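One structure below.
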Amino acid sequence: MSSAIPLRLYVNGDRYEIAVEPRRTLADALREDCGLTGTHLGCEHGVCGACTVLVDGQPVRSCLMFAVQAEDTSVRTVEGLAPDEERLHPVQQAFWENHGLQCGFCTPGFLVLIAGYLEEHPDAEEAELREVLSSNLCRCTGYQNILTSTMCAARAMRGEP
Amino acid sequence: MIGARALRIEDPVLLRGAGRFAADTIRPGELHMRVVRSPIAHGRIRSVDVTPALLLDGVVAAWTHADIAELPAIGFRLTPLADLLPYRQPVLARRIVRYVGEPVAVVFATSAYLAEDGAELVQLDLDPLPAHLDADAEPVAWLDAEQATWAAGLGHQLPAQDSQATAFTVEYGDVAAAFAAPGPGYRVIESDARIGRHTGVPMECRGLAAVYDAAEQQLIVDGAAKVPFWNREAVAAMCGLPPRQVQVRETHVGGGFGPRGELYPEDVLVTLAAVRLRRPIKWIEDRQEHLVATNHSRGQHHRLRALVRADGVIEALDAAFVLDQGAYVRTHGATVASLTASMLPGPYRIPNFRVRAQVRLTHKTPAGTYRSPGRYEGTFARERLVDRIAGELGLDPVEVRERNFIPAEAMPYERPIQAMGTELVHDSGDYALLRAKVWEKFDLDGVRRDVAARRAAGELAGFGFAFFVEKSGIGPYEGARISVDSSGAVTVTCGASSVGQGVDTVLAQVAAEVLGIAHDSIRVVRGRTDQFEYGRGAFATRLAVMAGSAVSNAAQALADKARRVAAHTLGVPVEDLSLAGGKVLVTADPARALSFGEIARLLDPSGAAELKESPGLTADGWFHSDHMTYPYGLHAAVVRIDPGTGQTHVERFIVGYDVGRALNPTLVEGQIAGGVAQGLGGALYEEFRYAEDGTPLCTTFMDYLIPTAMEIPPIETLITEDAPSPINPLGVKGAGEGGTTAVAAAVAAAVDDALGRPNAITSVPIHPARIRGLLT
Ligand code: FES
Ligand code: FES
């Protein structure tokens with residue numbers, strides 16, 4: 001059962017050579033083997049979305065995916081959103097400016113979900129975005145500020161004022 | 001700075017995923033704890049065999065009650081009625097299991113995966129007994145004398161106890177006399193209200209990481225929340241250490257809402273294991289555990305009888321309620337029942353009042369507090385009654401409320417009862433003014449006409465509202481220390497705690513206001529017993545009031561000290577100096593100035609001795625209070641019912657709330673919006689249901705339904721500052737709970753209206769099936 005197998009993960013552009021049991025989830029591998037604890041676990045059964053990461057650009061519940069399934073993919077987590085120590089990703093910046101987070105536990109999942117979605121659907125409108133957001137749970141904010149943040153981020157990413 | 005919509009200082013770290021939540025503390029060599037929980041609601045323990053688990057590679061230890069038999073039951077933090085002592089929970093089940101999810105054994109292993117494997121191998125031999133689930137039913141035998149005596153821990157024998165843990169009456173005036181001799185035209189109006197069992201469910205499950213540092217001889221406990229100082233004392237006592245040897249540290253906390261941070265069995269097990277096994281120990285609750293192990297809440301049934309004049313004025317209220325406590329009484333003691341009782345009259349005068357509270361045990365997860373405890377329930381019961389009064393007397397529900405309001409002229413208004421051990425004095429308020437302002441701002445008369453027109457056109461649309469009084473700022477004290485280092489950087493250290501609500505930002509704003517510096521240049525340290533000596537915790541919406549006032553006092557003291565030093569050094573009178581931009585400057589000649597850093601350097605121990613000051617540019621501030629402050633508000637909802645599915649859609653939700661003074665309006669609105677979302681969950685979706693044998697039916701997010709972005713409309717808020725609190729220097733009243741309080745009441749009123757059926761809704765959550773039943 002504890003037969004660890006070697007695994008190479010590419011996360012946020014970095015290469016991680018780790019060894020995991022086949023049953024280890026991608027979330028646990030990211031958090032404990034790669035030390036990237038920004039990806040959170042809120043339910044471990046695929047509902048809350050706190051564990052959302054991008055696998056080859058697609059939002060994925062990392063609690064429902066085995067680490068070994070991520071072999072040879074490119075994984076992006078919340079730690080990989082901001083371009084550097086000084087600047088934030090437009091979605092992060094919008095969350096800050098619009099009070100899109102309180103406790104911040106659900107936040108990485110939302111940020112990654114939204115960043116991934118807006119990169120593919122830059123012109124998404126409010127109703128569509130609300131529906132996208134409904135795939136994740138937040139217990140603190142009541143969602144309105146998350147939606148406002150998302151729309152601001154969409155505008156910023158389109159280069160609008 | 002106070003009152004500004006300042007950006008939060010917490011956010012940059014959290015946005016980058018650099019926060020440290022409970023599970024993010026990872027120590028080399030750590031052991032993971034897994035709890036073996038009772039799979040049945042009630043049963044006798046014949047045996048618990050951990051040997052098969054111990055045989056598994058990677059399992060290091062496994063305990064049952066026998067291994068911790070010397071530990072007492074878990075104590076009370078609040079409202080510790082003596083009646084309740086026999087009902088306290090053992091750290092691991094003792095002879096009997098009393099709810100599904102009760103900890104029976106624990107396994108420690110080198111990984112979380114192996115700990116789970118090990119836990120599955122533990123053999124439980126349980127003899128099932130019938131489950132008692134209905135708190136309304138007559139009390140049943142609950143504890144034998146041996147268990148009662150053990151759990152109470154009083155050192156003397158107690159008799160067997162039944163399932164009614166306590167019952168008490170809160171009253172003033174003369175209810176019996178009022179009902180016995182009603183005036184002409186008086187009516188008696190009765191109502192019944194049930195509030196389902198639901199709870200806070202923060203997105204981060206509970207968790208704790210403890211290590212015994214042999215070099216420092218310190219037990220370090222990371223991942224605490226809400227009440228770290230209280231828990232340090234409790235953990236020290238349980239582990240047999242002096243408090244000096246225990247450091248409890250709050251890191252980031254993924255939401256609190258009441259349940260999180262209390263001392264639970266798992267907290268004791270983790271810390272004890274760190275001491276006994278001398279390895280770092282970590283326990284991270286999973287969601288399924290959370291939904292059966294962490295405090296539930298609400299679960300009340302009210303019966304109200306009002307004696308009412310023809311004009312709608314309530315002459316007397318005679319109320320009784322049953323609280324479904326679940327299987328044990330936890331740290332909150334009788335807090336929820338007591339708050340329900342004392343806050344039941346809300347904003348109304350009600351000259352004669354009596355409420356009977358009955359706290360009863362059932363074979364369910366134990367219950368504690370959840371955002372607006374007792375007020376969500378009591379407000380639902382009371383406001384439903386007021387709507388019924390209006391309906392039966394043919395009066396407008398606005399009119400009935402206004403006739404019963406405590407008038408502004410009567411403030412401060414003392415109700416001759418207690419709340420949380422303090423005299424209940426409404427410190428300030430103008431309820432009618434807030435009602436009028438909300439009506440005007442949101443044109444609620446127009447809204448009512450609109451929904452009436454929609455109904456006339458065949459739609460099931462409705463409007464409803466409810467009024468409430470909250471409480472906040474429970475004392476008795478809070479403290480803060482502000483210090484400035486040699487570079488001029490300012491740190492606020494205090495006993496406050498954060499459960500994610502933005503405490504750091506608000507405290508920084510208060511300090512920044514007094515010191516004339518930018519709030520985001522301030523570091524706030526809190527929730528750490530190694531950094532400050534005293535702190536009462538983050539509950540009961542107390543921190544803006546208590547810690548905010550303490551920080552304000554500390555900042556004043558620091559500013560005075562800086563001025564004294566500058567006056568001496570610059571050779572000018574203290575009155576000629578002011579603070580701006582991190583400097584003390586001569587008001588008339590701002591070029592003559594000393595920076596905070598320079599003053600701090602002047603105050604090194606030698607310099608300070610010369611100046612006859614204590615060393616360091618640092619000052620403490622305290623704030624004491626023996627009364628609470630009472631914010632108040634109005635909730636209004638517009639709903640639409642889908643006649644096909646019976647589902648209620650909330651189209652608009654409006655909150656008017658007077659907080660005395662909003663330290664940061666953006667954060668106040670954020671608290672309200674989040675509170676409303678939770679209130680809507682309890683009004684429409686969330687409920688812990690049980691099968692007849694006591695098996696919980698809601699153990700995942702597939703069956704315990706937290707609202708998503710699709711269910712929560714934009715929350716429209718009007719924050720007013722018409723009634724600053726006269727009992728703290730900031731004038732502030734807490735904003736943490738007022739988003740939740742009257743949601744169920746307002747939604748129920750709106751559903752009645754949509755259905756055109758007064759008094760149809762007497763219980764929450766409002767199930768679609770119930771609506772369908774009413775429609776046919
Ligand atoms: S933790 Fe993965 S969806 Fe909740
Ligand atoms: S900010 Fe706390 S759960 Fe979303």
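The values are calculated or read from the model by the stated rules, or taken from the named source; none is laboratory data. The shown structure was predicted, so the numbers you read here are calculated from the model rather than taken from an experiment. Here Cβ is always computed from backbone atoms with ideal geometry, including for glycine, and neighbour counts include all displayed protein chains. Each accessible area value is taken on the protein alone, full model and side chains, heavy atoms only, with ligands, DNA and RNA left out. Shrake-Rupley method; radii C 1.70, N 1.55, O 1.52, S 1.80 Å.
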Check whether at least one residue in the range A:83-101 is within 15 Å of ligand 1 (Cβ to nearest atom) and crowded, with 23+ Cβ neighbours inside 10 Å, and report yes or no.
no
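Residues are listed down the side, and each one gets a yes or a no for (1) within 14 Å of chain A (Cβ to nearest Cβ); (2) over 20 Å from the mean Cα position of the chain (by Cα); (3) β-branched (Val, Ile, Thr):
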{"site": "B:229", "(1), (2), (3)": "no, no, no"}
{"site": "B:275", "(1), (2), (3)": "no, yes, yes"}
{"site": "B:291", "(1), (2), (3)": "yes, no, no"}
{"site": "B:298", "(1), (2), (3)": "no, no, no"}
{"site": "B:301", "(1), (2), (3)": "no, yes, no"}
{"site": "B:308", "(1), (2), (3)": "no, yes, yes"}
{"site": "B:316", "(1), (2), (3)": "no, yes, no"}
For the range A:63-82, does any single residue satisfy the condition of being without any contact (Cβ under 8 Å) to a residue 24 or more places away in the chain, more than 10 Å from chain B (Cβ to nearest Cβ) and in contact with a Pro (Cβ under 9 Å, 6 or more places away or on another chain)?
no
What are the residues in the range A:1-24 that are within 16 Å of residue A:54 (Cβ to Cβ) and within 13 Å of chain B (Cβ to nearest Cβ), if any?
A:11, A:12
When you scan the range B:78-101, do you find a residue that is within 14 Å of chain A (Cβ to nearest Cβ) and either part of a loop (DSSP other than H, G, I, E, B) or more than 30 Å from residue B:369 (Cα to Cα) (or both), even just one?
no
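Look through the range B:158-210, keep the residues that are more than 16 Å from ligand 1 (Cβ to nearest atom) and within 14 Å of another protein chain (Cβ to nearest Cβ), and return whichever of them is surrounded by the most Cβ atoms within 10 Å (Cβ to Cβ).
Within the range B:158-210, the subset more than 16 Å from ligand 1 (Cβ to nearest atom) is B:158-200, B:208-210.
Narrowing further to those that are within 14 Å of another protein chain (Cβ to nearest Cβ): B:198-200, B:209.
Numbers: B:198: 26, B:199: 28, B:200: 22, B:209: 25.
Checking each candidate, the answer is B:199.
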Are any of the residues in the range A:40-50 within 16 Å of ligand 1 (Cβ to nearest atom), touching a residue at least 24 places away in the same chain (Cβ under 8 Å) and open to solvent by 30 Å² or more (accessible area, probe 1.4 Å)?
yes
Hey, among B:66, B:145, B:62, which residue is over 33 Å from the mean Cα position of the chain (by Cα), farther than 25 Å from residue B:695 by Cα and open to solvent by less than 20 Å² (accessible area, probe 1.4 Å)?
B:62
Of B:679, B:694, the only residue that is modelled with pLDDT of 95 or more, within 14 Å of chain A (Cβ to nearest Cβ) and outside any strand (DSSP E or B) is B:679
Got a number for residues in the range A:104-120 being hydroxyl-bearing (Ser, Thr, Tyr) and either facing chain B (nearest Cβ under 7 Å) or within 16 Å of ligand 2 (Cβ to nearest atom) (or both)?
1
Search the range B:669-715 for residues being more than 16 Å from ligand 2 (Cβ to nearest atom) and charged (D, E, K, R), and hand back the single one that is farthest from residue B:651 (Cα to Cα).
B:693
For the range A:121-141: of the residues being open to solvent by 40 Å² or more (accessible area, probe 1.4 Å) and outside any loop (DSSP other than H, G, I, E, B), which is nearest to the other protein chains (Cβ to nearest Cβ)?
A:130
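Listed here are the residues, each with its yes/no results for (1) under 19 Å from residue B:765 (Cα atoms); (2) touching a Lys or Arg at 6+ places or on another chain (Cβ under 8 Å).
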site	(1), (2)
B:274	no, no
B:281	no, no
B:295	yes, yes
B:324	yes, yes
B:328	no, yes
B:356	no, no
B:367	yes, yes
B:374	yes, no
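Considering each of A:55, A:20 in turn, give the residue that is within 17 Å of residue A:8 (Cβ to Cβ), more than 7 Å from ligand 1 (Cβ to nearest atom) and more than 15 Å from the chain's Cα centre (by Cα).
On the way: A:55 fails: more than 15 Å from the chain's Cα centre (by Cα).
Testing whether each residue is within 17 Å of residue A:8 (Cβ to Cβ), more than 7 Å from ligand 1 (Cβ to nearest atom) and more than 15 Å from the chain's Cα centre (by Cα) leaves just A:20.
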Among the residues of the range B:211-227, count how many are more than 14 Å from chain A (Cβ to nearest Cβ), at pLDDT 95 or above and part of a strand (DSSP E or B).
7
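Can residue B:539 be described as surrounded by fewer than 23 Cβ atoms within 10 Å (Cβ to Cβ), aromatic (Phe, Trp, Tyr) and under 20 Å from residue B:474 (Cβ atoms)?
On the way: surrounded by fewer than 23 Cβ atoms within 10 Å (Cβ to Cβ): no; aromatic (Phe, Trp, Tyr): yes; under 20 Å from residue B:474 (Cβ atoms): yes.
The answer is no for residue B:539.
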Mind counting the residues in the range B:612-632 that are within 19 Å of residue B:372 (Cβ to Cβ) and part of a loop (DSSP other than H, G, I, E, B)?
3
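Scan the range B:685-697 and give yes if some residue there is over 21 Å from the mean Cα position of the chain (by Cα) and open to solvent by less than 10 Å² (accessible area, probe 1.4 Å), otherwise no. Full working, then the answer.
Let us first name the residues in the range B:685-697 that are over 21 Å from the mean Cα position of the chain (by Cα), namely B:689-697.
Next cut, open to solvent by less than 10 Å² (accessible area, probe 1.4 Å) only: B:694.
For the range B:685-697, residues over 21 Å from the mean Cα position of the chain (by Cα) and open to solvent by less than 10 Å² (accessible area, probe 1.4 Å): present.
Is it the case that some residue within the range A:142-160 is more than 21 Å from residue B:22 (Cα to Cα), part of a loop (DSSP other than H, G, I, E, B), within 10 Å of chain B (Cβ to nearest Cβ) and in contact with a strand residue (DSSP E or B) (Cβ under 8 Å, 6 or more places away or on another chain)?
Yes: the range A:142-160 contains one or more residues that are more than 21 Å from residue B:22 (Cα to Cα), part of a loop (DSSP other than H, G, I, E, B), within 10 Å of chain B (Cβ to nearest Cβ) and in contact with a strand residue (DSSP E or B) (Cβ under 8 Å, 6 or more places away or on another chain).
Going by the structure shown, is residue B:555 open to solvent by less than 10 Å² (accessible area, probe 1.4 Å) and assigned by TED's automatic domain parsing to the domain that holds residue B:491? Give the steps one after another, and end with the answer.
Working: open to solvent by less than 10 Å² (accessible area, probe 1.4 Å): yes; assigned by TED's automatic domain parsing to the domain that holds residue B:491: yes.
For residue B:555, the condition - open to solvent by less than 10 Å² (accessible area, probe 1.4 Å) and assigned by TED's automatic domain parsing to the domain that holds residue B:491 - is met.
Of A:56, A:72, which residue is at pLDDT below 95 and under 30 Å from residue A:5 (Cα atoms)? Write out each step before concluding.
Numbers: A:56 fails: at pLDDT below 95.
Criteria check complete, one pass: A:72.
When only residues in the range B:515-533 that are among the charged types (D, E, K, R) and in a loop (DSSP other than H, G, I, E, B) count, which is most open to solvent (accessible area, probe 1.4 Å)?
Step one: of the range B:515-533, the residues among the charged types (D, E, K, R) are B:520, B:523, B:526, B:528, B:530, B:533.
From the residues that got through so far, the ones that are in a loop (DSSP other than H, G, I, E, B) too are B:526, B:530, B:533.
Working: B:526: 30, B:530: 59, B:533: 90 Å².
Only one residue tops the list, namely B:533.
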Members of the range A:102-133 that are without any contact (Cβ under 8 Å) to a residue 12 or more places away in the chain and within 16 Å of ligand 1 (Cβ to nearest atom):
A:104
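So that you can scan it fast, the table gives a plain yes or no per residue for (1) touching a residue at least 60 places away in the same chain (Cβ under 8 Å); (2) not in a strand (DSSP E or B):
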position	(1), (2)
B:674	yes, yes
B:707	no, yes
B:713	yes, yes
B:718	yes, no
B:736	yes, yes
B:740	yes, yes
Can you name every residue in the range B:10-22 that is in contact (Cβ under 8 Å) with a residue 12 or more places away in the chain, open to solvent by less than 40 Å² (accessible area, probe 1.4 Å) and either closer than 16 Å to residue A:95 by Cα or more than 7 Å from chain A (Cβ to nearest Cβ) (or both)?
B:10, B:14, B:19, B:22
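Mind listing whichever residues of the range A:88-103 are away from ligand 2 (no atom under 16 Å from the Cβ) and either within 11 Å of chain B (Cβ to nearest Cβ) or touching a Pro at 6+ places or on another chain (Cβ under 6 Å) (or both)? Before you say what the answer is, go through the steps one by one.
Restricting attention to the range A:88-103, the residues satisfying the condition of being away from ligand 2 (no atom under 16 Å from the Cβ) are A:88-90, A:93.
Hits for the range A:88-103 are A:88, A:89, A:93.
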Assess whether residue A:71 counts as being open to solvent by 20 Å² or more (accessible area, probe 1.4 Å), away from ligand 2 (no atom under 16 Å from the Cβ), of a type outside the set (A, V, I, L, M) and closer than 23 Å to residue B:252 by Cβ.
no
